[in-house]
Amino acid sequence: MAIPLSVIDMIGNTPMLELTQFDTGPCRLFVKLENQNPGGSIKDRVALSMIEQAERDGRLQPGGTIIEATAGNTGLGLALVAALKGYKLLLVVPDKMSREKIFHLRALGVEVLLTRSDVGKGHPAYYQDYAKRLADEIPGAFYIDQFNNPANPAAHANTTAPELWRQMDHRVDAIAVGVGSGGTLGGLSQYFAEVSPQTEFVLADPAGSILADYLDNGQIGEAGSWLVEGIGEDFVPPLSDFGQVRNAYRIGDAEAFTTARDLLRKEGVLAGSSTGTLLAAALRYCRAQTEPKRVVTFVCDSGNKYLSKMYNDHWMLEQGLLSKPQHGDLRDLIA
Ligand code: PMP
């Protein structure tokens, strides 16, 4: 393998790991380690794809300005690619986001504009409306709009899906995914409809999100709240595609976080919270099977952003997600 000349060349081609320490019933369960992308998440692929598509379309000129509304993994991926390609990146971020994320973005050269978290769609301070307005006002600025950008699912149809298919020796019975923007589900569905239409999709949805109910009965109900980050919605994202989804599992925060903590203890993989939801759904699916199947899910992002949250017993206790702490608080460390 040639030594990469840029971190951009290290996006994608992530490894696959078989999990051997969980009860997977008659199935074999594999995880694709998207936490090993240089920005730490599956969204690096999407950031690169959306920026390179805009370059090809001429919507982004050298030295131009990119605008997006997010402090999540898409923001980090965009910040990385924009820094290396010499674009200016302006991110509109709701002010409830963690300071760590904002410091990380600023260190990458991003101009972070904080806006109110307590206003909804249609309010001028709502982060997406604010970003759209800035994109209209700044000459030559390009609004990424990951929820409506076809280069988002294309990243998965062109890279994630063929890698997964090759790594699994062209034998995949089921894939468990979560939906945030719907890019992963949309892109994988598109690829697998072509190469392996019998591969079924399993939706891993945080309890409180409307998507599992929408899949089961076509109704869009009232959304609740959940602590898992990056997946679950209160609307149906236009880029998602539920055509090949055969099962939906609603996973509560306690089960998601406990499963992610087990993944670290049992298999040594430090994953983020959405991975807990995906893995819990994949395990439920595996254990419900009567035939042996080959099942794949994702480690969507790295867990180091969540060390003071779900990997901290006292935070878990405060949230009512753990009945008693396994470790004391930090005062125990001081002799
Ligand atoms: N997990 C994490 C941690 C994420 O940040 C995202 C993106 N919001 C997803 C999963 C879901 O991916 P998608 O946007 O492709 O639906």
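A few notes on this one:
- On inspection, residue 144 qualifies as on the phi < 0 side of the Ramachandran plot and surrounded by 18 or more Cβ atoms within 10 Å (Cβ to Cβ).
- Residue match in region 225-241 (condition: more than 16 Å from the ligand (Cβ to nearest atom) and open to solvent by 10 Å² or more (accessible area, probe 1.4 Å)): yes
- Qualifying residue in region 179-192 (condition: over 27 Å from residue 221 (Cα atoms) and touching a Lys or Arg at 6+ places or on another chain (Cβ under 9 Å)): no
- Any hit, region 200-213, residues being outside any strand (DSSP E or B), of a type outside the set (Asp, Glu) and within 9 Å of the ligand (Cβ to nearest atom): no
- In region 159-182, the residues that are farther than 23 Å from residue 237 by Cα and part of a helix (DSSP H, G or I) reach residues that are more than 14 Å from the ligand (Cβ to nearest atom) and small (Gly, Ala, Ser) with C-beta atoms within less than 9 angstrom, at least six apart or across chains, in these pairs: 163/12; 165/196.
- Within region 225-241, the only residue that satisfies the criterion of being polar (S, T, N, Q) and either farther than 24 Å from residue 308 by Cα or under 14 Å from the mean Cα position of the chain (by Cα) (or both) is 240.
- Flag if residue 35 is of a type in the set (S, T, N, Q), within 16 Å of the ligand (Cβ to nearest atom) and either touching a residue at least 40 places away in the same chain (Cβ under 8 Å) or not in a helix (DSSP H, G or I) (or both): yes
- Residue match in region 110-117 (condition: within 16 Å of the ligand (Cβ to nearest atom) and either under 13 Å from residue 144 (Cβ atoms) or open to solvent by 30 Å² or more (accessible area, probe 1.4 Å) (or both)): no
- Qualifying residue in region 212-221 (condition: of a type in the set (A, V, I, L, M, F, W, C), open to solvent by 60 Å² or more (accessible area, probe 1.4 Å) and touching a helix residue (DSSP H, G or I) at 6+ places or on another chain (Cβ under 9 Å)): yes
- Residues that are open to solvent by 20 Å² or more (accessible area, probe 1.4 Å) and assigned to a loop (DSSP other than H, G, I, E, B) do occur in region 129-138, at least one of them.
- Note on region 284-302: among residues that are assigned to a helix (DSSP H, G or I) and open to solvent by less than 10 Å² (accessible area, probe 1.4 Å), the one that is farthest from the ligand (Cβ to nearest atom) is 286.
- Qualifying residues in region 61-82 (those that are more than 12 Å from the ligand (Cβ to nearest atom) and in a helix (DSSP H, G or I)) - the one nearest to residue 230 (Cα to Cα): 78
The values are calculated or read from the model by the stated rules, or taken from the named source; none is laboratory data. Model, not experiment: these values are computed from the prediction. Cβ sites come from the backbone with ideal geometry, for glycine too, and all protein chains shown count toward neighbours. Just so you know, the surface numbers come from the protein's heavy atoms only, side chains and all, with ligands and any DNA or RNA stripped out. Shrake-Rupley method; radii C 1.70, N 1.55, O 1.52, S 1.80 Å.
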